[in-house]
Amino acid sequence: MIDLLIRQVNLPCGRRNVDIAIHEGRILEVGPNIKAEAHQVLSHPGCLVTPPFVDSHFHMDSTLSVGQPRLNDSGTLLEGISVWNELKPDLTVEAIKKRAIELCHWSIARGTLAIRSHVDVCDDRLLAVQALLEVRKEMQAFIDLQLVAFPQDGYYRSATGKQNLLRALDMGVDVVGGIPHFERTRASGDRSVTALCELAADRGLRVDMHCDENDDPLSQHIETLAYETHRLGMQGRVTGSHLTSMHSMDNFHASKLLPLIREAGVHVVANPLINITLQGRQDNYPKRRGMTRVKEMLNAGINVAFGHDCVMDPWYSMGSHDMLEVAHMGLHVGHMTGVDEMRQAFSAVTYNGAHALGLEGYGLNPGDNADLVILQASTPIDALRLRAARLEVIRRGKVLARTSASLPQLLITPAPTPVSFSRDLM
Ligand code: FE2
């Protein structure tokens, strides 16, 4: 007798009408017509099962704080940083935890079971670090949280950024962060990349930097990040987040950088909702989109994931932490409407994110963790098009969240059949 059997579902790889057998928190078997007795059977014929969504870039310390102490009137990145700095003195561990746990509940309900969150270490009290370490522990049965020590005000530029980052790592934060384009000079930005990569290499940690998050084509710290990753033998353990300057960069220089990023195995995280709203703000017309060169990176063999970045905080008042919304926006901003490109957009919020975070046991093969989401859609493209309902969210074989299928009924005569919006793209 196994724990759970899921009947007649489709998989992102294109397999159709398969069953999934689950026992003791792991996937036991995937195939047609599995003959097994199960304690629980879930039947969603023709629906897509995917491994959980992964948010590769988020800020859990500031989430759900919108309006505190005031709204961001201009909606710009720099005013967002000012509002956050006004809020920081009034932060408490309890308030940060309450907001972060509520966000985790939103995430789980929408099928996201892994989040990498940056945590600002430029408040000497490190309240946000303490709060999010406690949230990571309290929520670990339900969601994987990775924390990044993020010197929001600059590793060198902030008076205590360097020592606070070390303190945060000593407290148990997982990943080394940085913000080289915000240091005082390009040279000190590059020096921060070198110092932070060396620190991570010494401690055996991963790196994830906010890197070149601006519209300045001369902001090129990604070059140093790829170089240091290669020099220190950290291939596959380093992520460049945002890289929006590459949108505006000279095409020849971009064509030099892509193979270097690929060679260093640096993962890239784009944040489509935030990049499209915060970049290009000083442009007249035409206005740049600002998101990095996602298509070109994928074609160059670089692992690209999408992050949500912000939900209802000083930088972004919108959002409900829905990674299908993120992928939907990424697809549009990146001109990714080719059939394979749409599938890649789905991978950017699932497999590619898991790869960037180094998650173990992620996938739909026998032996993988029984973490999966059943969607009210038949294929990944259909799921993106509809931002499909997450019918069941399952972690280690247990259902954590459930949403009823949405089936609108037209009230016109003669009465039509119930409306299903789901359609396969051939
Ligand atoms: Fe960010």
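Nothing in this text is a laboratory measurement; each read-out follows from the coordinates by a stated rule. Just so you know, these numbers come straight off a predicted model, no measurement behind them. Virtual Cβ from ideal backbone geometry, glycine too; neighbours counted across all protein chains shown.
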task: Find which of A131, V419, L103 sits farthest along the positive direction of the dipole of the chain, computed with +1 on the beta-carbon of Lys and Arg, -1 on that of Asp and Glu, about the Cα centre.
output: V419
- prompt: Taking the range 1-73, which trypsin sites (Lys or Arg not before Pro) meet the DSSP loop condition and have no more than 16 other C-beta atoms within 10 Å?
  reply: R15, R16, K35, R70
- request: Of the options P32, C47, Q68, report the single residue whose Cα projects farthest towards the positive end of the charge dipole of the range 1-125 (beta-carbon charges: Lys, Arg +1; Asp, Glu -1).
  value: P32
- request: Please work out, to two decimal places, the log10 of the ratio I(q)/I(0) at q = 0.08, 0.11, 0.12 Å⁻¹ from a Debye calculation in which every Cα of the chain carries one identical scatterer.
  value: -0.44, -0.82, -0.97
- prompt: Which residue, chosen from S320, N369, N284, occupies the Cα position most advanced towards the positive end of the dipole of the range 284-426, where the dipole is computed from +1 (Lys, Arg) and -1 (Asp, Glu) charges on Cβ about the Cα centre?
  reply: N284
- line: Relative to the chain, whose Cα atoms define the longest principal axis, helix 186-203 and its Cα axis are tilted in degrees, nearest 10, by 60 degrees
field: Rel. contact order, % - alpha carbon contacts under 8 angstrom, at least six apart, the chain
entry: 18 percent
Note, ³J(HN,Hα) from phi for the range 289-303, Karplus 6.51, -1.76, 1.60, rounded to Hz, x at Gly and Pro: 7, x, 5, 5, 7, 4, 4, 5, 5, 4, 5, 7, x, 8, 7
query: Out of residues 5 or more away from A401 or on other chains, whose amide H comes under 5 Å of its own, with H placed 1.01 Å from N in the peptide plane?
result: V393
- line: For the chain, the longest principal axis of the Cα atoms and the Cα long axis of helix 221-231 enclose an angle in degrees, to the nearest 10, of 80 degrees
message: With an 8 Å Cα cut-off and a minimum separation of 6 or more residues, compute the relative contact order for the range 219-305 in percent.
response: 34 percent
task: Could you pull out every residue, at least 5 positions away or on a different chain, whose amide H is within less than 5 Å of the one on E29? Hs are placed 1.01 Å off N in the peptide plane, and Pro or chain starts have none.
output: A21
field: For the chain, the longest site-free run once GluC sites (Glu not before Pro) in DSSP loop states with at most 15 other Cβ atoms within 10 Å are removed
entry: 38-359
- request: Considering Cα pairs under 8 angstrom that are at least six residues apart, work out the relative contact order of the range 318-426 and quote it in whole percent.
  value: 20 percent
- request: Restricting to the chain, compute how many DSSP beta bridges are antiparallel as a %, nearest 5.
  value: 40 percent
- prompt: Nearest 10 degrees, 0 to 90: what angle lies between the long axis of helix 93-109 and the longest principal axis of the chain (Cα atoms)?
  reply: 40 degrees
task: Starting from the amide H of A38, placed 1.01 Å from N in the peptide plane, find each other amide H under 5 Å away whose residue is 5 or more places distant or on another chain.
output: I2
statement: Ranked by GNM mean-square fluctuation in the chain (Cα springs under 10 Å), the top entry among D61, D313, D283 is D283
- prompt: Using helices alone, what [θ] at 222 nm do you get for the chain, with -39,500 (n - 2.57) per DSSP H run of 4 or more residues, divided over all residues and rounded to the nearest 500?
  reply: -10000 deg cm²/dmol
- prompt: In the neighborhood of A354, defined by Cβ-to-Cβ distances under 13 Å, what is the net charge if each Lys or Arg adds +1 and each Asp or Glu adds -1?
  reply: -4
- request: Would you kindly calculate the translational diffusion coefficient of the range 323-362, applying Stokes-Einstein with the Kirkwood radius from alpha carbon pairs, for 37 °C and a viscosity of 0.692 mPa s, and quote it in µm² s⁻¹ without decimals?
  value: 316 µm²/s
Fluctuation leader among A345, A195, A383 - the chain, Gaussian network, Cα springs under 10 angstrom: A195
query: GNM, the chain, Cα, under 10 Å: largest mean-square fluctuation among S245, S158, S74?
result: S74
